[in-house]
Amino acid sequence: MAPHVTVYEVGPRDGLQNEPAVLSVEQKLELIAALCAAGLRNVEAGSFVSPRWIPALADSGELVSRLPRPPGVRFVALVPNVQGLSRLREALARSAAPPPVDAALFVSASETHNRKNVNKGIDETLAALVEVAAAARQGGVGLRGYVSMAWGCPYEGAVSPARVVEIARRLLELGCGQVSLGDTVGVGTPNQTRDLLERLLGPVRPEQLALHLHDTRGGALASVLVGLEAGITTFDSSIGGLGGCPYAPGASGNLATEDLVYLLRGMGYETGIDWDRLLAAGALAQELVGRRLPGKTLQAELATRSAGRTPPNPLRSV
């Protein structure tokens, strides 16, 4: 059997949070349904941070209360504090058949970015998350951790790998089933990725880590290859390359899901994703936000198909 890699779709949250066009709940649900139909089984759906900070996701309570329950699909929503966790649980309580929704705990490896993002220092944030994690476990809510700015920061420049390791370790101790390491502004190189993973792996098992890579400078897939070589089997990506952080200048360009899946399938990895339906979801995302998306594979495939030519086989190595 081909080795399996999990593609963790972040488009409906990380992808939409910085878009000029604010989608309605119905449009977001349409996009989520298309992603699930394509075979994506892990989807970041919303965020329970203050609506004042992320207006595009202010309707996450209504969205979560109306999420579908496709077989085998697990959703996640960002939760900054106990108030956010309460709002998540209230939204789930309003659902007639709530799907599994995990709470995502997030910390930046950059002190400056963390303060701009959540108005707290790193240590203060980690201390506050102890209470959030305890309440989540008590309420039967799963946890996923996120470490942003793990490769570098637009405010501070280089970030200490030792600090990233310590934050990831703390999140795992809080009960996060997996910690996603974020190259939030896409500055990482393969050597940096290798060094970071070598520091983490051993005490931390590969399945406890995911890579969340931005393709701002075109290096995301190179770091994916390093991650695969190190045994990482979960990668975050965003449909069409949607994405960006409103509190991190230069944080455009999430790794596009289509680019990631094309690479993985060409290398013989199994993803469980239907290629044609994934491209349809990408075309839908582009239509909903009203602009050309940066995903290279999506644009190549759409151009090929609109010209009436037979698209290349994504199962063939290129």
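It is to be established whether one or more residues within the stretch 159-182 are under 16 Å from the mean Cα position of the chain (by Cα), more than 18 Å from G231 (Cβ to Cβ) and in contact (Cβ under 8 Å) with a residue 60 or more places away in the chain. Yes, there is a match, as at least one residue in the stretch 159-182 is under 16 Å from the mean Cα position of the chain (by Cα), more than 18 Å from G231 (Cβ to Cβ) and in contact (Cβ under 8 Å) with a residue 60 or more places away in the chain.
For the stretch 185-194, the set of residues classified as part of a helix (DSSP H, G or I) and surrounded by 15 or more Cβ atoms within 10 Å (Cβ to Cβ) consists of P190, Q192, T193, R194, listed by residue number. Would you be able to say whether some residue in the stretch 287-295 is out of contact with any helix residue (DSSP H, G or I) (no Cβ under 6 Å at 6 or more places or on another chain), modelled with pLDDT under 95, exposed (fewer than 12 other Cβ atoms within 10 Å of the Cβ) and not in a loop (DSSP other than H, G, I, E, B)? No, there is no match, as no residue in the stretch 287-295 is out of contact with any helix residue (DSSP H, G or I) (no Cβ under 6 Å at 6 or more places or on another chain), modelled with pLDDT under 95, exposed (fewer than 12 other Cβ atoms within 10 Å of the Cβ) and not in a loop (DSSP other than H, G, I, E, B).
Entry remark, the stretch 118-134: residues being under 23 Å from the mean Cα position of the chain (by Cα) and not in a loop (DSSP other than H, G, I, E, B) number 9 in total. Screening the candidates L197, L228, L211 for the property of being of a type outside the set (V, I, T), surrounded by fewer than 22 Cβ atoms within 10 Å (Cβ to Cβ) and outside any loop (DSSP other than H, G, I, E, B) yields one hit, L228. For P51, the conditions (1) touching a Leu at 6+ places or on another chain (Cβ under 9 Å); (2) crowded, with 16+ Cβ neighbours inside 10 Å; (3) at pLDDT below 95 all hold with the exception of (2). Within the stretch 155-184, the residues that satisfy the criterion of being part of a loop (DSSP other than H, G, I, E, B) and of a type in the set (V, I, T) are V159, T184.
Listed here are the residues, each with its yes/no results for (1) acidic (D, E); (2) over 14 Å from the mean Cα position of the chain (by Cα); (3) at pLDDT below 95.
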| position | (1), (2), (3) |
| --- | --- |
| V5 | no, yes, no |
| Y8 | no, no, no |
| R13 | no, no, no |
| E19 | yes, yes, yes |
| E26 | yes, yes, no |
| E30 | yes, yes, no |
| A33 | no, yes, no |
| L40 | no, no, no |
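If T304 passes every condition in (1) polar (S, T, N, Q); (2) modelled with pLDDT of 95 or more; (3) surrounded by fewer than 24 Cβ atoms within 10 Å (Cβ to Cβ) but one, which one does it miss? Looking at each condition in turn, T304 falls short on (2). Taking the criterion of being closer than 22 Å to L31 by Cα and either part of a loop (DSSP other than H, G, I, E, B) or at pLDDT below 95 (or both), the residues of the stretch 262-280 that qualify are T271, G272, I273, D274. Checked against (1) crowded, with 21+ Cβ neighbours inside 10 Å; (2) under 16 Å from the mean Cα position of the chain (by Cα), V73 passes all but condition (1). In summary, D259 fulfils each of the numbered conditions (1) more than 18 Å from R217 (Cβ to Cβ); (2) at pLDDT 95 or above; (3) of a type in the set (D, E, K, R) with the single exception of condition (1). Restricting the stretch 11-48 to residues that are crowded, with 17+ Cβ neighbours inside 10 Å and β-branched (V, I, T) leaves a set whose member that is nearest to R277 (Cα to Cα) is I32.
The values are calculated or read from the model by the stated rules, or taken from the named source; none is laboratory data. Values in this document were obtained by computation on a predicted structure and should not be read as measured data. No Cβ is skipped: glycine too gets one built from the backbone with ideal geometry, and neighbour counts run over all protein chains shown.
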